[in-house]
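Working notes, beginning with the structure itself.
The values are calculated or read from the model by the stated rules, or taken from the named source; none is laboratory data. Keep in mind that what you see is a predicted model, and the values were worked out from it rather than measured. We place every Cβ from the backbone using ideal geometry, glycine too, and count neighbours over all the protein chains shown.
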Amino acid sequence: MRRYEDPQAYVDRYMARSAETYVNGLRNAGLQPNATLTRAIAERALQEAGEDSIREVTDIRDSTITAILRDHTQRMNAIKKEGARLRLWMCLPVVLALSAGSWYSFTCTGFIMGMCYAGGALAFLAMLVLGALFDRPE
């Protein structure tokens with residue numbers, strides 16, 4: 001993550017570069033500096049320094065948010081993978097046990113108990129499938 005810079009130091013550095021560019025431009029053009037031109041250039045440079053400072057702070061903020069979101073996404077993906085593994089180890093044996101109970105109840109004891117076991121097995125199977133659908137890693 002990038003660090004925020006002192007705004008005053010940034011503006012001072014920008015103004016120094018702008019003044020150096022102004023002096024070099026006057027020297028290359030062979031002109032003498034005058035108060036009106038110097039004031040206009042200084043005002044424009046100060047306005048550009050403020051805009052550039054805002055743009056720089058915005059870029060730093062955006063890169064910081066991107067870094068935080070990337071770390072968050074990695075942690076969430078790890079949590080989702082662990083949850084999928086836990087669901088598989090929990091739901092699959094329960095589904096198999098309830099299915100076996102349903103099969104036994106339908107063949108031996110009665111229809112109502114078999115339906116209860118089958119409903120429970122379907123509920124745990126739905127939990128397994130819906131968890132796989134909705135908790136996919138990004």
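Odds and ends about this structure:
- Any chance ARG61 is modelled with pLDDT of 90 or more, in a helix (DSSP H, G or I) and either touching a helix residue (DSSP H, G or I) at 6+ places or on another chain (Cβ under 8 Å) or surrounded by 11 or more Cβ atoms within 10 Å (Cβ to Cβ) (or both): yes
- Pairing each residue of the range 1-27 that is over 25 Å from SER63 (Cβ atoms) and in contact (Cβ under 8 Å) with a residue 24 or more places away in the chain with any residue that is among the acidic types (Asp, Glu) and part of a helix (DSSP H, G or I), provided the two are 6+ apart or on different chains, yields C-beta distances under 9 Å for SER18/GLU48.
- Test for GLN74: is it at pLDDT 85 or above and either surrounded by 11 or more Cβ atoms within 10 Å (Cβ to Cβ) or not in a loop (DSSP other than H, G, I, E, B) (or both): yes
- Residue within the range 94-106 that is surrounded by 12 or more Cβ atoms within 10 Å (Cβ to Cβ), within 30 Å of ARG75 (Cβ to Cβ) and at pLDDT below 90 present: no
- Members of the range 1-57 that are among the β-branched types (Val, Ile, Thr) and over 30 Å from ASP71 (Cα atoms): VAL11, THR21, VAL23, THR36, THR38, ILE41
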